[in-house]
Amino acid sequence: MLTSKEKEQIIRSSGADVTKCMRCGKCSGACPSYDEMEYHPHQFVYFVEKDQIEKLLNSPSIYKCLGCSVCSERCPRDVGPSKIVEAVLAMAVRRQDENHLKAENIPGMVEDDTPGQLLVSAFRKYKK
Amino acid sequence: MQKIGVFVCHCGTNIAGTVDVKAVAEALGKEPGVVFSTEYQYMCSEAGQNLIKDAIKNYGLTGIVVCSCSPRMHEATFRKTAAAAGLNSYMVEIANIREQCSWIHKDVKVATEKAIVLGRTAIAKVALNTPLTASETPVVKRALVIGGGIAGIQTALDIADAGYEVDLVEKEPTIGGKMAQIDKTFPTLDCAACILTPKMVDCAQNEKIHIYAYSEVESVKGFVGNFNVTIKKKARFVDETKCTGCGICTEKCPMKKTPNLFNLGLDNRSAIYIPFAQAIPKIATIDADYCNMLKNGKCGVCSKVCAAGAIDYKQQDQYIEQQYGAIVVATGFNPIKLDNYSEFAYNESPDVVTSLELERLMNAAGPNGGTLLRPSDKTHPHTIVFVQCVGSRDTTDCGKPYCSKICCMYTAKHAMLIRDKYPDTEVYVFYMDVRTPGKNFDEFYRRAVEDYGVHYIKGMVGKVMPQPDGKLLVRGSDLLTDEQLKIEADMVVLAAAIEPDKTARPLATMLTASMDTNDFFTEAHPKLRPVESPTAGIFLSGVCQGPKDIPETVAQASAAAAKVIGLLAKPALKSNPCTAHSDENLCNGCSSCERVCPYGAISYVDKEFRMPDRTTKVRRVASVNPAVCQGCGACTVACPSGAMDLSGFSNKQIMAEVDAICR
């Protein structure tokens, strides 16, 4: 089975090894935001493994995660579901504004007192 | 000049599939000293061995090289073959062209070249071999079993049954181990004590078995057939020969607030105690940490009430030295400490207990006389949540990476027993996987679900929160309904992972027996020699080798006993003649070899030497005890003056091998 670009990207940016998951569900047992979420921490891990990233990207769950990392903290296999949620969220954000910032448009935007740091962080957020 | 024969084995296609065996035989036939070279399909077969025997006789061979599998596999076979044809069996060398060549290479050309080099190396070595003769050492007809749980008990009984003396060493005041603490056993639900205590009594009454309770192994020296062991008998402060086990001292002792370790600290006992009613030996022991008399010299009640006059506050640790032919390790296990799992609130609430603690809570001899009550307020629990795999299958640093194997079954047992005795109690079991391989095991688990209505939930508990009203709020996932459950429980039972007893690691060092990264003893072969340690004369029984339940433990215990009996039945053991020896003229007495010797085989003697000027001089030189030396070769490498050498693996031979490879 071919691995999609999205799956590769998520695995690379999260650093999570989804094959280590043994489906115990402790992450979802610990999640304080569980009832708010459509997909739950263990499903994030499973869907990445099964290459169904699209489902996760389109789910409001990625915005409901509190980022408390308790799922990763409790994980007995060091998989780290929160790292995956974070990676999917970052991918979704970048997608929304894929071409928000174009290099040629930048000079027109810069004012004298624009801090350089702002530009760097904008690039990090809005560019691949 | 040696007359060397070379025999190249095809091993079916194992070797011949990747190595051009004909080319190897032909190339090796041209090596200096080689007078005969051939190949054959299976050299280890009878026909193959006859081929070797005939060649030895017909060509008057003085040394042979067999290019075949690892020497661990068939060195002994070919040595016997040579001996049968009248050739000294240490004139045989094996070139491993299977494991180290054909199995790891794909390219025929490369593999054939390497096989030729390996063969050439063996030829260079065998040319320098000298005939060696194995000497014989007697076997002490006595076995030592370390650990008095069900594993040690069964092993001791079986060895004694064959007529050999057995010493059973147990660090606790009584034998019985973990099985004595268990209430009922799966899958038959018979009472553990009812089947264990008769075996304990058998041990005590068997005149071949000597029980050293409240004792530990202090040191181990020697080797297979002749181990020299020091046993430390810890002071009980009670004279074993006088105590009748009447128990009056335990009733009268004023120090009633001593934690009862047999009940895992769930209740208290007196400072002088007998762990449980059926203890063997049934002798009182004083807990020195709590006894007022031993701490500050004020009390002495037990001494006054003891009709037998057995109390001896001045008793000291005793050391006993004994010789053994074989040693069996049966050191057992403990549940892990749960300090790393604060999410389960084990240290916060007394109503969160481990499964072993639940055994005591449900036991008729336990703190509540067999009625299951919450430890906090002694009320009847109506909702109980079991959590499986607490610390098992955990690859973070918190727990253990392995499956503890017994938890699925004992949890099903607990759930079933509770539902049977208290039908008004709701029982939930959170599981990752239910693993029940074994005779009647899966049927047992299904009975818990189908006949007893235990709620099995595929998921894991994420958090246990003690509530102000004394309840425990359990939050866990149900992966199949895809919801998060919040259960108000009265008790939570944690199936804690099991780990080898802490005494196992220092013991392994004493025995030079190898262990894995989890501190389980390693077996000599995972499939074919499961009850022997790679160290000769050391045998393994029970959980010290890996997680197992009672039926498996008993089976392994008897297997270990059979191996011990096989060893003790031998009139003498052939010792390895490949031992170290030192050239006294070169030895400078530096002690390097003595320091590296893992077997204590090297000592130093003062010896008189004649000097060139006709004077005599006393020099300190190394001397090797060949009966103790195992031929590891550490000393030959450590020796700075090249005085130490190993028969069968001399420095000259090793250098010849290196030269042959580099040629």
Would you mind checking the radius of gyration and Dmax of the stretch A:14-128 based on alpha-carbon positions, in Å?
17.2, 55
Pull out a ≥ b ≥ c, the square roots of the eigenvalues of the alpha-carbon gyration tensor of the stretch B:409-506, then state rounded if a/c is under 1.5, prolate if not and a/b is larger than b/c, and oblate in the remaining case.
oblate
Dimensionless Rg/Rh of the stretch B:334-499, both radii on Cα and Rh by Kirkwood, sits at 0.93
Just check the stretch B:4-126 against the gyration tensor rule for me: Cα atoms, a ≥ b ≥ c as the square roots of the eigenvalues, rounded for a/c under 1.5, and otherwise prolate or oblate depending on whether a/b exceeds b/c.
prolate
Per residue of A:18-28, how many C-beta atoms from partner chains lie within 10 Å of its own C-beta, taken as a mean?
6
Per-residue Cβ counts within 10 Å, from other chains only, averaged over B:476-488: what number is that?
4
Pairwise Cα inverse-distance average, inverted: Kirkwood Rh of the stretch B:248-305 (Å):
11.6 Å
Over the Cα atoms of the stretch B:120-191, compute the convex hull volume and normalise it per residue, giving Å³.
228 Å³
Given q = 0.11 Å⁻¹, what are the Debye log10 I(q)/I(0) values for the stretch B:580-647, with equal point scatterers placed on the Cα positions and solvent ignored?
-0.25
With +1 on each Lys and Arg Cβ and -1 on each Asp and Glu Cβ, and nothing else charged, work out how big the dipole of the protein assembly as shown is about its Cα centre, in Debye to the nearest 20.
1720 debye
Counting only Cα, what are the radius of gyration and maximum Cα-Cα distance Dmax of the protein assembly as shown, in Å?
34.3, 105
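Between beta-carbons, use under 10 Å as the cut-off and find the net charge around B:Ala16, counting Lys and Arg +1, Asp and Glu -1.
Details: positive: B:Lys22; negative: B:Asp20, B:Glu39.
Residues close to B:Ala16 contribute a combined charge of -1.
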Sort B:Phe386, B:Phe262, B:Phe609 so the one with the fewest other Cβ atoms within 10 Å of its own Cβ comes first.
B:Phe609, B:Phe262, B:Phe386
Fewest to most Cβ atoms within 10 Å: B:Val220, B:Val110, A:Val79 sort as B:Val110, B:Val220, A:Val79
If you split all Cα-Cα distances of chain B into 20 Å bins from zero, what percentages do you get per bin, shortest first?
15, 37, 30, 16, 2, 0
Please name whichever of B:Pro640, B:Ala513, B:Ile248 sits farthest to the positive end of the charge dipole of the protein assembly as shown, dipole taken about the Cα centre and charges placed at Cβ: Lys and Arg +1, Asp and Glu -1.
B:Pro640
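Could you line up B:Thr121, B:Thr383 from fewest to most neighbouring Cβ atoms inside 10 Å?
Least to most surrounded, the residues fall as B:Thr383, B:Thr121.
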Which loop trypsin sites (Lys or Arg not before Pro) in the stretch B:218-257, with loop taken from DSSP, have no more than 11 other Cβ atoms within 10 angstrom of their Cβ?
B:Lys257
From the residues B:Tyr422, B:Ala345, B:Pro437, which one has its Cα farthest along the dipole of the stretch B:334-499 in the positive direction, the dipole being from +1 and -1 charges on Cβ of Lys/Arg and Asp/Glu about the Cα centre?
B:Pro437
Please work out the ratio of the alpha-carbon Rg of the stretch B:109-262 to 2.2 N^0.38 Å and round it to two decimals.
1.70
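Can you give me the orientation-averaged projected area of the convex hull built on the Cα atoms of the stretch B:183-323, in nm²?
Projected area, direction-averaged: 11.0 nm².
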What is the antiparallel percent of DSSP beta bridges lying wholly in the protein assembly as shown, to the nearest 5?
55 percent
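All of the numbers you see were taken from the coordinates with simple rules; none came from a lab. Everything numeric in this text was worked out from a predicted model, so none of it was measured. Reconstructed Cβ throughout: ideal geometry from the backbone, glycine too, with neighbour counts over all protein chains shown.
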